[in-house]
Amino acid sequence: MIEDMLRTPAAVQDAERHTAHNYHPLPVVISSAEGAWVTDVDGRRYLDCLAGYSALNFGHRHPALIAAAHAQLDKLTLTSRAFIHDQFADFCRELAALCGKDLVLPMNTGAEAVETGIKVARKWGYQVKGVPAGQATIVVADGNFHGRTTTIVSFSTDDDARADFGPYTPGFKIVPYGDLTALADAVDETTVAVLLEPIQGEQGVVVPPTGYLPGVRQLCTERNVLFIADEIQSGLGRTGATFACELEGVVPDMYLLGKALGGGIVPVSAVAADTDVLGVLRPGQHGSTFGGNPLACAVATEVVRLLATGEFQRRSTELGERLHAGLHALIGKGLVAVRGRGLWAGLDIDPALMSGREACERLMERGVLAKDTHGSTIRLAPPLTITAEEIDHAVAQLAAVLAG
């Protein structure tokens, strides 16, 4: 009888009726959220351990971010880049300082940041490095996930993301992730950039071997190639540092940022690099009507200021140790492997027990939200505002799921 009164089943059906099936979401319909918790249309609360794939690093409705958005909504939301608005300079200056770079180019989505990085690298290759026109190549890694545009899926090795979307954009070489020798062999006189995730998120939070990122940095410097770090998921505090590259003391030539930069309120992305790289662009060669809009800048500037305190990086480090200790204790008890850094983890479930999807469904029944990827793997990426007690609760629910 109680089930007949629930709103969720009808709401799920209604959502599916008029949308293309490009996602396979869990059957939960969220209506409100605060901090690390969300509430569905039937009033049931769930601990959010996905955090919008790191878009909600600061939790749902962080008071400082909501205040910044409300204040800006009362004044100005859009001008287009035909004009300058009063939030633009602060955002660009403060984000550039956070990145240790000269310039910032604001966009909206993560995929737009990646596309921008590709265009800038090619133009740099032609104008600065001297690569013959039309011959620029970029080296990427297998298992990558940089977005879903036609150009980006052209160098994906995920058949779900790539199949049936050709013809594909040329100009990319794919090498094994974590293999410096293969990378060195792939770089030649046409190479303008190496584009990598410092930690591969969609692949299952795959951390490269120690020394790999410094080796990439050294190789790029020696061969006069740009090192582009896609920190859209791994950056902005997720791994215990502002950027995952910092964990190995590496500074790339270009950062690609997104997700958490919008504070979970508006889509904001950006490319950050020095003048000798981003300075190759001239008016009319690249742009976005909504990129760097006043509302986005107001929120993202507050995000940068939250990160500048170092509080969230410390929380990710300290609470991440607690999370990983709890997860590693489950190896041999239903888990076969655990990977990650900070408050970010990829868990491989024994496929004889259940699939990743089944594990997420059972976690959902226990009030914890997570997301599967690649069969038997699930990802945990809770907000950086999560508490130690909430981490223990999430691990306990996972242990119960694995125990059956």
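Readers should treat all values here as calculations from the given coordinates under stated rules, not as data from a laboratory. From a predicted model like this one, the values you see are computed outputs, not experimental measurements. So basically every Cβ, Gly included, is an ideal-geometry build from the backbone, and we count neighbours across all protein chains shown.
Report the longest stretch of the chain that contains none of the chymotrypsin sites (Phe, Trp or Tyr not before Pro) sitting in a DSSP loop with at most 10 other Cβ atoms within 10 Å.
Numbers: sites that count: Tyr23, Phe83.
The longest uninterrupted stretch comes out as 84-404.
Of all DSSP beta bridges confined to region 76-308, the antiparallel ones make up roughly 40%. Working from Cα pairs under 8 Å separated by at least six residues, relative contact order for the chain is 22 percent. Taking a ≥ b ≥ c as the square roots of the eigenvalues of the Cα gyration tensor, region 144-220 is oblate, since a/c reaches 1.5 or more and a/b is not larger than b/c.
Of the beta bridges DSSP finds with both residues in the chain, what % are antiparallel, to the nearest 5? Beta bridges within the chain, antiparallel portion: roughly 65 percent. When the chain is treated as a Gaussian network with alpha carbon springs shorter than 10 Å, the biggest mean-square fluctuation among Pro214, Pro198, Pro382 belongs to Pro214. Answer with a single label: of (i) -0.50, -0.62, -1.39; (ii) -0.55, -0.68, -1.48; (iii) -0.78, -0.87, -1.19, which was calculated as log10 I(q)/I(0) by the Debye sum over Cα atoms at q = 0.09, 0.10, 0.15 Å⁻¹ from the structure in view? Checked against the structure: label (ii). Largest GNM mean-square fluctuation among Leu76, Leu335, Leu261, using the chain with Cα springs under 10 Å: Leu76.
Taking a ≥ b ≥ c as the square roots of the eigenvalues of the Cα gyration tensor, region 28-151 is classed as oblate, since a/c reaches at least 1.5 and a/b does not exceed b/c. Measuring between their Cα centroids, region 106-163 and region 313-344 lie 32 Å from each other. Distance from the alpha carbon centroid of region 189-219 to that of region 257-307 works out to 23 angstrom.
So what's the convex hull volume per residue for the Cα atoms of region 76-308, in Å³?
Output value, Cα hull per residue: 121 Å³.
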